[in-house]
Structure formats: structure tokens, C-alpha cells
Amino acid sequence: MDIPVDFATLRVIWWALVGILLIGFALTDGFDMGVGALLPFVAKTDQERRMVINTVGATWEGNQVWFILGGGAIFAAWPFVYAISFSGFYLAMFVVLAAMIMRPVGFKYRSKRPNPKWRVFWDWSLFVGGFVPVLVFGVAMGNVLQGAPFRLDSDLRAFYEGAFIGLFSPFALVCGLLSVSMLVLHGAAWLTIKAEEGPVTERARLFGEIAALASIVLFAAGGFWVAFGGLGFRIEGLADAAGPSNPLRGAAAVRAPGAWLDNYGRHGWMVIAPVLGFVGAALALYGLRFNKAWAAFSGSSASAVGIIATVGLSMFPFILPSSFDPRSSLTVWNASSSHMTLFIMLIVTLIFLPLVLIYTAWVYKVLWGRSTTGALATNPDLY
């Protein structure tokens with residue numbers, strides 16, 4: 001069978017699609033997690049907390065589809081990346097899953113009993129389910145930028161040489177805090193358009209302003225660290241974009257401090273991503289400060305897109321570099337599934353992804369409107 005799209009192009013398409021799915025997760029489930037992280041601080045009474053929970057109550061389950069799609073796409077399109085990252089970061093993934101399991105239980109059980117201690121416990125469970133995954137995702141991204149401590153032997157068996165505590169380096173913690181501030185900002189902006197006007201939205205705006213400033217400072221600090229902190233990898237020689245998916249064949253990768261900035265010199269348009277990260281956070285800060293809810297939410301969304309895209313564009317074609325053995329690094333060119341697999345997956349994606357987007361848009365349209373404390377007494381379907 002003749003495949004109408006060449007192998008190299010399909011690899012780039014799937015690199016972009018995985019990035020789009022991760023951005024979709026950040027934009028949808030991200031504000032859910034941001035709201036969860038803010039819950040104990042923006043809502044003081046039981047009614048306020050129920051109202052805050054119901055700002056995401058109708059859509060949080062559907063939003064998690066993006067997380068599942070992202071993980072599934074990595075598994076199918078980049079099996080080497082999935083195998084090494086999910087095994088090497090096993091304990092971190094376990095922490096994320098344990099925290100995320102607390103979210104659905106918290107949503108479903110929280111209002112089953114009127115006991116205040118019972119409800120406070122589940123409120124903090126929702127906080128953990130929002131804060132911990134976001135922090136760990138950011139820490140994981142910091143470790144990817146630094147390079148993960150793994151190696152491949154001649155049979156392509158992976159050996160992870162790191163330890164769980166080693167994941168929390170200073171740079172990785174900066175990335176983790178940036179992830180938290182980015183999505184807390186997104187959650188605060190969401191509350192300004194979905195929660196009823198009053199004390200909750202006032203507190204959300206305050207915390208959102210702090211998160212916006214933190215996002216700008218931490219993003220700048222991370223960029224400075226990448227530029228001058230000795231981070232970066234580069235491919236020596238000419239990589240075969242259509243070559244076999246074998247990380248140990250072809251051009252080798254080497255450590256190269258500052259190399260994560262190379263792509264911006266070759267492709268000037270890529271600077272749009274970091275600019276969007278800064279400008280989006282500034283727009284969100286403006287919207288929160290002057291009570292312009294849609295400006296705040298548009299800005300927080302743009303900032304998340306810009307920050308995530310900055311990482312992907314800076315690293316291309318690397319997906320998971322190895323700090324222990326740079327020659328084992330995984331790239332867009334050496335770690336993908338087969339040509340036929342990528343093509344079949346692309347056809348399936350072109351059919352079903354638009355359906356997911358249309359359905360998601362319809363759900364948000366049908367369920368749109370502010371969550372209010374008054375509705376808690378009249379609507380039995382609310383949490």
C-alpha cells in the first residue's frame with residue numbers, strides 16, 4: 001500500500017498533535033485543577049464551596065478525556081517515550097494518579113453527609129487532587145528539559161539510573177511552581193466568569209493576580225536558567241528524518257549548554273510562543289485587576305498555550321533527552337511508531353477529533369451560565 005504522506009511529515013504531524021492534546025488538557029482540565037487548588041482559599045462557607053465546586057461540576061469528567069487522549073497518543077505514536085517515561089517516572093506517576101483518584105471521589109462524596117468535618121476533608125482532597133498533579137507535571141517537564149537519567153543497551157532495553165527524590169532539582173521545582181501558578185491563574189479566571197459575583201470572585205481575582213505575577217516571574221526565571229544554566233542538547237551531524245525508529249542508529253545527540261535556544265535563531269517565528277506566554281499572563285492580570293472576566297480568561301488561556309508551546313518548540317526534535325547517555329536520547333526522528341501505524345492513526349484522528357471538539361463545544365453551550373448559591377437549594381443535581 002502506498003502511503004500518501006511521507007514518514008518524516010507524519011512524525012512531525014504526530015509531534016504537533018500530541019502537543020495539541022496536551023494543550024487541550026491544560027486549557028480544559030487545567031482550570032478544573034486550578035479551581036480545586038483554590039477551593040479552600042476562595043470559598044469560606046459551605047454554600048460558597050458548593051457553588052465553587054459546581055462551576056466545574058458539569059464538565060470536569062469530560063475535560064479529563066484530554067488527559068486520556070494525550071497518554072494514549074504518546075503510547076501509540078511514541079512507544080519508546082511512553083515506555084521510558086512511564087517506567088522511569090513510575091513513582092511520580094503513581095503520586096499523580098493517587099491524587100487524581102481523590103478528585104472524582106471528592107466530587108461525588110463531598111455533599112453526601114452534612115457533617116462539617118466530612119465536607120472539609122473532601123474539600124482538601126479536591127485541593128490535593130488539583131494541586132499535586134499540576135506540580136508534578138511541571139516538575140516532570142523540568143526534568144525533561146534537563147534530560148532524564150536513562151540509557152539504552154544494544155537490545156534497546158531501557159535502564160533508568162535516577163531516583164524519585166532526584167526529580168526535585170531546583171530547576172525542576174521552578175518549573176513545577178510555574179505549572180501551579182499558570183493553572184491557578186487559569187482557575188481563578190474561570191471562577192470570574194462562572195461563579196456568581198461576590199466574595200468568591202473577589203478572592204479569586206486576588207489570588208489570580210498573585211498567580212499572574214508569579215507566572216511572569218517564574219517563566220522569565222526558567223527562560224534565564226535555560227539560556228545560561230547549562231541546559232540543552234543538540235544532534236551532531238545530519239539526522240535521517242525518515243530513518244528507522246531506533247534511537248541508537250543515526251546521528252547522535254550531545255549535551256550543548258544553551259542549545260534549547262537554537263531553534264529560535266533558525267526560525268524566528270517561534271518567538272511567538274514565549275511572547276504569548278508573557279503577554280497572556282499580563283492580559284489576565286489586567287482582566288483580573290479591572291474586573292474584565294473574559295480578558296482574564298482569554299489571557300490565562302493564551303499564557304498556558306504560550307508556555308507549553310515554548311517548551312515543545314525549544315526542544316524540537318528532542319522528545320526525551322538522556323542526561324545519563326545522550327546517545328540514547330529520544331527524538332521525533334528515532335522514537336516513533338511505524339510509517340503505517342502513524343498514517344492509520346492520523347486517519348482515525350481526522351475522523352474522531354472533530355467529533356470530540358464539536359461535542360465538547362455543544363456541552364459547554366448547553367451548560368453555560370454562572371453557578372449561584374441560590375441554585376443549591378432548588379437544583380437536586382448539583383454537588
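The values are calculated or read from the model by the stated rules, or taken from the named source; none is laboratory data. Just so you know, these numbers come straight off a predicted model, no measurement behind them. Virtual Cβ from ideal backbone geometry, glycine too; neighbours counted across all protein chains shown. Ligands, DNA and RNA are excluded from the accessible area calculation, which covers all protein heavy atoms including side chains. Shrake-Rupley method; radii C 1.70, N 1.55, O 1.52, S 1.80 Å.
Quick look at the numbers
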| item | result |
| --- | --- |
| Test: Ser314 is hydroxyl-bearing (Ser, Thr, Tyr), in contact with a helix residue (DSSP H, G or I) (Cβ under 7 Å, 6 or more places away or on another chain), closer than 30 Å to Phe159 by Cβ and not in a helix (DSSP H, G or I) | no |
| Criterion violated by Ser111 - all others in (1) of a type in the set (Ser, Thr, Tyr); (2) part of a helix (DSSP H, G or I); (3) touching a Lys or Arg at 6+ places or on another chain (Cβ under 9 Å) satisfied | (2) |
| Filtered residues of the stretch 343-368 (kept if open to solvent by less than 30 Å² (accessible area, probe 1.4 Å) and either among the charged types (D, E, K, R) or over 24 Å from the mean Cα position of the chain (by Cα) (or both)) | Phe343 |
| Test result for Ala220, open to solvent by less than 40 Å² (accessible area, probe 1.4 Å) and of a type in the set (A, V, I, L, M, F, W, C) | no |
| All positions within the stretch 263-278 that are under 10 Å from Leu313 (Cα atoms) and either in contact with a strand residue (DSSP E or B) (Cβ under 8 Å, 6 or more places away or on another chain) or of a type in the set (Gly, Ala, Ser) (or both) | Ala273 |
| Members of the stretch 319-330 that are open to solvent by 10 Å² or more (accessible area, probe 1.4 Å) and either out of contact with any helix residue (DSSP H, G or I) (no Cβ under 7 Å at 6 or more places or on another chain) or free of Cβ contacts under 8 Å to residues at least 60 places away in the same chain (or both) | Phe324, Asp325, Pro326, Arg327 |
| Residue check for Ala26: under 17 Å from Glu61 (Cα atoms) and either in a helix (DSSP H, G or I) or open to solvent by less than 10 Å² (accessible area, probe 1.4 Å) (or both) | yes |
| All helices (runs of 4 or more DSSP H) inside the stretch 29-96 with 1 or more residues being within 30 Å of Val12 (Cβ to Cβ) and open to solvent by 20 Å² or more (accessible area, probe 1.4 Å) | 60-63, 65-77, 79-88 |
| Single unsatisfied condition, His186 versus (1) buried (at least 24 other Cβ atoms within 10 Å of the Cβ); (2) more than 29 Å from Asp46 (Cβ to Cβ) | (2) |
| Qualifying residues in the stretch 273-294 (those that are free of Cβ contacts under 8 Å to residues at least 24 places away in the same chain and not in a loop (DSSP other than H, G, I, E, B)) - the one surrounded by the fewest Cβ atoms within 10 Å (Cβ to Cβ) | Tyr286 |
| All positions within the stretch 151-174 that are open to solvent by less than 20 Å² (accessible area, probe 1.4 Å) and in a helix (DSSP H, G or I) | Leu167, Phe171, Ala172 |
| Check on Ser111, open to solvent by less than 20 Å² (accessible area, probe 1.4 Å), closer than 21 Å to Leu376 by Cβ and of a type outside the set (Lys, Arg) | no |
| Among residues of the stretch 115-144, those that are under 16 Å from Gly30 (Cβ atoms), open to solvent by 30 Å² or more (accessible area, probe 1.4 Å) and either touching a residue at least 60 places away in the same chain (Cβ under 8 Å) or outside any helix (DSSP H, G or I) (or both), counted | 3 |
